[in-house]
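Engineer: The following block contains the structure, expressed as structure tokens.
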Amino acid sequence: MKNSKTQMLVLGAVMIALATVLSLVKVYKLPWGGSITLLSMLPICIFSIKNGIRWGLFVSFVYSLVQLGLDLSEVLSWGLTPVTLIACFALDYILAYSVLGLAGMFRNHGLPGWIGGTAAAVLLRLAAHFLSGVLIWHSFGDLWDGFSTENEFIYSILYNGSYMVPEMIFTVIGAIILFSVPQTRKMLTPATPAKA
């Protein structure tokens, strides 16, 4: 039992490291935060699918702290008030990345479960960024050349959706590819969770 828990923690650390490295490979970066990365959410989602929500949430929470640490100097340079800074940390980092651990919610339903859980986790991350855009940033105005809006709800969903929807599509495709390889599917089949 202790050995399987140790293996799970080591796998979690490896997945956090892999997700962190992949998050540094930015395919496209938006000017006010957010980017399309090289499948950076997939390792965390796969860990949750293999080991369940409880361990998935633990690993994704640690990953959220790593992402916050990587972006801390940039976030501190934005000139936010202390309350707004804490809200930004909570919504744009802790909540947004921690929900990726929910990808294992349908893990026992084969490929549809992998797709549904991964898509749901990424949509929840989008929801966290959307809330941040509305509650903290109150952004409106020009989104792209020739398109602007005075509605902060529309602005937030369009801005955050412009990078999170492609991220979701790429992450789901990555999960499908991993599931389609028999050796990978067997290796990633949900394990019996270890007791804490």
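Engineer: State which residue is surrounded by the most Cβ atoms within 10 Å (Cβ to Cβ) when the search covers only region 21-53 and only residues that are at positive phi and not hydrophobic (A, V, I, L, M, F, W, C). Break it down stepwise before answering.
Structural biologist: Quick first cut of region 21-53, residues at positive phi only: 33-34, 39, 52.
Within this subset, residues satisfying the condition of being not hydrophobic (A, V, I, L, M, F, W, C) are 33-34, 52.
Working: Gly33: 19, Gly34: 19, Gly52: 21.
It comes out as Gly52.
Engineer: Quick check on this structure: which one of Ala103, Ala127 is of a type outside the set (Lys, Arg), closer than 15 Å to Val172 by Cβ, assigned to a helix (DSSP H, G or I) and at pLDDT 90 or above?
Structural biologist: On the way: Ala127 fails: closer than 15 Å to Val172 by Cβ.
Testing whether each residue is of a type outside the set (Lys, Arg), closer than 15 Å to Val172 by Cβ, assigned to a helix (DSSP H, G or I) and at pLDDT 90 or above leaves just Ala103.
Engineer: Further question on the same structure: Ala17 - would you say it is farther than 20 Å from Ile136 by Cα, surrounded by 13 or more Cβ atoms within 10 Å (Cβ to Cβ) and aliphatic (A, V, I, L, M)?
Structural biologist: Details: farther than 20 Å from Ile136 by Cα: yes; surrounded by 13 or more Cβ atoms within 10 Å (Cβ to Cβ): yes; aliphatic (A, V, I, L, M): yes.
So Ala17 fits the description; yes.
Engineer: If you don't mind, there's one more thing I want to ask. So which residues in region 53-100 are polar (S, T, N, Q), more than 20 Å from Met164 (Cα to Cα) and in a helix (DSSP H, G or I), if there are any at all?
Structural biologist: Selection gives Ser73, Thr84.
Engineer: Of all residues in region 145-178 being touching a helix residue (DSSP H, G or I) at 6+ places or on another chain (Cβ under 9 Å) and not in a helix (DSSP H, G or I), which is modelled with the highest pLDDT?
Structural biologist: Step by step, filter region 145-178, then rank; the result is Thr149.
Engineer: Taking region 41-71 on its own, how many of its residues are touching a residue at least 60 places away in the same chain (Cβ under 8 Å) and of a type outside the set (Lys, Arg)?
Structural biologist: Initially, region 41-71 is screened for residues touching a residue at least 60 places away in the same chain (Cβ under 8 Å), giving 41-42, 45-46, 48-52, 54-55.
Imposing the further condition that a residue be of a type outside the set (Lys, Arg) reduces the set to 41-42, 45-46, 48-49, 51-52, 55.
Final tally of qualifying residues: 9.
The values are calculated or read from the model by the stated rules, or taken from the named source; none is laboratory data. Since we're looking at a predicted model, the values are computed, not measured. We place every Cβ from the backbone using ideal geometry, glycine too, and count neighbours over all the protein chains shown.
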